[in-house]
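The values are calculated or read from the model by the stated rules, or taken from the named source; none is laboratory data. Predicted, not measured: the structure shown is a model, and the values here were computed from it. We place every Cβ from the backbone using ideal geometry, glycine too, and count neighbours over all the protein chains shown. Accessible surface is based on the protein model in full, side chains and every heavy atom, while ligands, DNA and RNA are left aside. Shrake-Rupley method; radii C 1.70, N 1.55, O 1.52, S 1.80 Å.
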Amino acid sequence: MIDPFSDVFSLLDIESARCTRFEVGGQWAFRFPAKPALKFVAVLRGACSIVLPDEPPFALVAGDTFLLANAPAYVIANDLDREPEDGIAFFDWEHSNIARHGGDETALIGGSFVIGGDNARLLLDALPPFIHIPASDRAAALLSTTLATLDGELEAGQIGSTLMTRRMGDILLVQALRAYVGRKGAAETGWIGALTNPQIGVAISLIHNRPGHRWTVNELATRIGMSRSAFAQRFKELVGTAPLDYVTRWRMHRAREALRREDVSVAGLAAALGYSSESAFGNAFKRVFGRAPKRYWSDAKVE
């Protein structure tokens, strides 16, 4: 069985940007610019606050981790009365992953995931702008172990360290998302949380494993042991869309990726994804993405 979460990740052009460590002492405040990325920061030691636009300061302590989806501009500080300095300016990006300023009483480690391509919204739209995973959370110990390994890679600078930090960054992201779902529950975390539901998660797995099957609401409900009406209602509550709408959208995401990466025909894709005609497939594609598949195919080749 295909894991739907991994299946979605396979469509994302995720680049784990270089992970960085920031050590600072004394009284301080630093601003960081908005970035079209998924960014994580963890407090390794010390304490500080994060200030997001139009939000009150949020206190952070050692062991806390936070994620910013489509990261807005923010300020990190232990003195909220200070005028923030440019945090980016303290990094020598060409020579080091580590920046130090005035001491090392507080240490933070961070990284960002730049998600390119047309499928970025699959993940970013499912996440709130700010996700906090406190040190008291049961998942914090696991995150701490990953962060310790990542921190060691930054310090050691051994062969393959760039590859290691990128892979560890990916693992950290998955662990943090698991912790987010664990804290908020399936009802508040969209399709990511729905994957943990013992019935709706199975239905999503069925769809991902057989995207070309001509699914009906009744068949999906029967396969997971629910009534048709109860299944349709619960699916929409957790996922945010009706079951067959999800089927269509997932088929079109798979089709768009195939058109971008593979040498395939529109007719072949239509048949593989369960459409009786190329025109029916084309209408579904245009309804989801706003342009015909042949137009997308030609544009993708130019890119």
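Scan segment 212-226 and tell me whether some residue there is out of contact with any Ser or Thr (no Cβ under 6 Å at 6 or more places or on another chain), polar (S, T, N, Q), at pLDDT below 95 and part of a helix (DSSP H, G or I).
no
Among residues belonging to segment 246-267 that are of a type in the set (Gly, Ala, Ser) and assigned to a helix (DSSP H, G or I), point out the one that is nearest to residue 236 (Cα to Cα).
In this case the residue turns out to be 255.
Going through segment 87-123 one residue at a time, which ones are at pLDDT 80 or above, under 22 Å from residue 51 (Cβ atoms) and either assigned to a helix (DSSP H, G or I) or open to solvent by 60 Å² or more (accessible area, probe 1.4 Å) (or both)?
Residues satisfying the conditions are 88, 89, 102, 105.
Across segment 272-293, what is the total count of residues that are within 15 Å of residue 249 (Cβ to Cβ) and either assigned to a helix (DSSP H, G or I) or touching a residue at least 12 places away in the same chain (Cβ under 8 Å) (or both)?
The qualifying residues number 11.
With the requirement that a residue be out of contact with any Pro (no Cβ under 6 Å at 6 or more places or on another chain), closer than 24 Å to residue 12 by Cβ and surrounded by 12 or more Cβ atoms within 10 Å (Cβ to Cβ), what does segment 275-290 give you?
If the condition is that a residue be out of contact with any Pro (no Cβ under 6 Å at 6 or more places or on another chain), closer than 24 Å to residue 12 by Cβ and surrounded by 12 or more Cβ atoms within 10 Å (Cβ to Cβ), then 281, 284, 286, 288, 289 are the ones that fit.
Restricting to segment 37-50, what's the tally of residues that are open to solvent by 10 Å² or more (accessible area, probe 1.4 Å) and β-branched (Val, Ile, Thr)?
Qualifying residue count for the region: 1.
Within segment 10-31, can you find the residues that are at pLDDT 90 or above and surrounded by fewer than 21 Cβ atoms within 10 Å (Cβ to Cβ)?
Of everything in segment 10-31, those that are at pLDDT 90 or above and surrounded by fewer than 21 Cβ atoms within 10 Å (Cβ to Cβ) turn out to be 23, 25, 26, 27, 28, 29, 31.
How many residues are open to solvent by 10 Å² or more (accessible area, probe 1.4 Å) and either under 22 Å from the mean Cα position of the chain (by Cα) or of a type in the set (Phe, Trp, Tyr) (or both) when one looks only at segment 226-237?
2
Go over the candidates 34, 71 one by one and state the one that is part of a loop (DSSP other than H, G, I, E, B) and buried (at least 20 other Cβ atoms within 10 Å of the Cβ).
Criteria check complete, one pass: 71.
On the basis of being open to solvent by 20 Å² or more (accessible area, probe 1.4 Å), out of contact with any Leu (no Cβ under 9 Å at 6 or more places or on another chain), of a type in the set (Val, Ile, Thr) and assigned to a helix (DSSP H, G or I), does residue 149 make the cut?
yes
Could you identify the single residue in 216, 248, 222 that is of a type outside the set (A, V, I, L, M), at negative phi, free of Cβ contacts under 8 Å to residues at least 60 places away in the same chain and in contact with a helix residue (DSSP H, G or I) (Cβ under 7 Å, 6 or more places away or on another chain)?
After applying the criteria, what remains is 248.
Got a sec? Which of 193, 240 is within 18 Å of residue 125 (Cβ to Cβ) and buried (at least 20 other Cβ atoms within 10 Å of the Cβ)?
193
Checking residue 53 against (1) within 27 Å of residue 127 (Cα to Cα); (2) surrounded by 18 or more Cβ atoms within 10 Å (Cβ to Cβ), only one condition comes out false. Which one?
Checking residue 53 against (1) within 27 Å of residue 127 (Cα to Cα); (2) surrounded by 18 or more Cβ atoms within 10 Å (Cβ to Cβ), the one that fails is (2).
Does any residue in segment 68-87 that is within 12 Å of residue 39 (Cα to Cα) come within less than 7 Å, Cβ to Cβ, of a residue that is β-branched (Val, Ile, Thr) and at pLDDT 90 or above six or more places away or on a different chain, and which pairs are these?
Listed pairs, sorted by first residue: 74/50; 74/51.
Quick check, is residue 61 at pLDDT below 90 and within 23 Å of residue 139 (Cα to Cα)?
no
Which of the numbered conditions does residue 178 fail, given that it passes all the others? Conditions: (1) within 19 Å of the chain's Cα centre (by Cα); (2) over 30 Å from residue 244 (Cα atoms); (3) open to solvent by 30 Å² or more (accessible area, probe 1.4 Å).
With (1) within 19 Å of the chain's Cα centre (by Cα); (2) over 30 Å from residue 244 (Cα atoms); (3) open to solvent by 30 Å² or more (accessible area, probe 1.4 Å) applied to residue 178, the lone miss is (2).
Pick from 214, 261, 223: which is charged (D, E, K, R) and surrounded by 14 or more Cβ atoms within 10 Å (Cβ to Cβ)?
Of the residues listed, the single one that is charged (D, E, K, R) and surrounded by 14 or more Cβ atoms within 10 Å (Cβ to Cβ) is 223.
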